[in-house]
Amino acid sequence: MGAVNTEVFRDGRRIGHNSDGSGFYESFRRGLPGASLTEVLQPGAGGAGAAVAQACPALGVGRLYLPDAAPGRAAQLAQDLNTRAGRPFAQAIGHAAEVTRRISGLINATPMGMADHQGTAPDPALLDPRHRVAEIVCFPLETELLRLARAPGCRRLDGGGMAVFQAARASELFTGRRADRARMLAHVATMPPPCPPIHTVLARGIFVDRRVARAPIGFISIEIIAPDVRSCGFTA
């Protein structure tokens, strides 16, 4: 469950992985230890949302509510999660306000909060101190949701840890060597606010190596979609 975001070419085969779920799991386990997760609201049921939702049972979530701009997508994800869990674990809902007063945890798995997606998915006015609020957005580290969740005293988790741990997992898949997570976390904590990664879908028709060379100064990384990788001759 969750879209492939890492491809490894090995022994003549292309092997797909998703590091979003494991990255979120490790970040949440470290950043919000002991959080009460009886009932959790997760706006967002897309690719990253599906991977994050799959990690929720291992984090101790008892019940997961899934609102999404595409109701059918949320319903399908809830069905898949329930089948995996063998119980009614997830429920697609129409609006976050339906359950905000009941939940103890909130995970934003939508793009809301990114520089080009202003605003918040749930209504921050509904938050109170018992809510644990986690983001998957990492540009910026403090989204509007996290900023507003500070006032009522919510325990908060930004998306930086998820970004680090999924990158560490991808590095290990590529190199076979253990990534230094502590060093990566320390580096992210000292970084000034960066521009987001540039995506090759924005620069069609240029070879990948030239895309990297021509990426505007200020972008910290380049994300290469699978068709562009294959267009450069990686056809295993």
Residue by residue through the stretch 50-64, what is 3J(HN,Hα) from phi via Karplus (6.51 cos²θ - 1.76 cosθ + 1.60, θ = phi - 60°)? Round to whole Hz and write x for glycine and proline.
5, 5, 5, 4, 5, 7, 4, x, 5, 7, x, 5, x, 8, 10
What FRET efficiency comes out for the pair Met114/Leu185, r = Cβ-Cβ distance, R0 = 22 Å, nearest 0.05?
0.55
Taking θ = phi - 60°, what integer Hz values does the Karplus form 6.51 cos²θ - 1.76 cosθ + 1.60 yield along the stretch 37-42, in sequence order, with x for Gly and Pro?
10, 4, 9, 10, 9, 10
Taking Cα pairs under 8 Å and at least six residues apart, what relative contact order does the stretch 4-156 come out at, in percent?
20 percent
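Would you work out the charge dipole size for the stretch 32-109 about its Cα centre, treating the Cβ of every Lys and Arg as +1 and the Cβ of every Asp and Glu as -1, and quote it to the nearest 20 debye?
The calculated dipole for the stretch 32-109 is roughly 120 debye.
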Stretched fully, the stretch from Arg130 through Arg178 gains (0.36 nm per residue minus C-alpha distance, one decimal, in nm) 13.6 nm
For Arg87 and Val8, FRET efficiency with R0 = 41 Å and r from the beta-carbon atoms, rounded to 0.05?
0.75
Show me the trypsin sites (Lys or Arg not before Pro) within the stretch 59-119 that DSSP assigns to loop and that have at most 11 other Cβ atoms within 10 Å of their Cβ.
Arg101, Arg102
Give the long-range amide H neighbours of Arg132: residues separated by 5 or more places, or on another chain, with amide H under 5 Å away, using H modelled in the peptide plane at 1.01 Å from N.
Gly105, Leu106
Cβ under 13 Å from Leu157's Cβ, Leu157 left aside: what net charge do those residues give with Lys, Arg +1 and Asp, Glu -1?
+2
For the stretch 31-177: accessible area per residue (Å², 1.4 Å):
43 Å²
Within the accessible area of the stretch 113-198, what % is carbon and sulfur when the probe is 1.4 Å and the other protein chains stay in place?
57 percent
Please work out the C-alpha center-to-center distance from the stretch 107-162 to the stretch 1-73 and express it in whole Å.
17 Å
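The values are calculated or read from the model by the stated rules, or taken from the named source; none is laboratory data. Owing to the predicted nature of the structure, the values given are computational and were not obtained by experimental measurement. Ideal geometry is used to build each Cβ from the backbone, glycine not excepted, and the neighbour counts take in all protein chains shown. Accessible surface areas use protein heavy atoms only, side chains included; no ligands, DNA or RNA. Shrake-Rupley method; radii C 1.70, N 1.55, O 1.52, S 1.80 Å.
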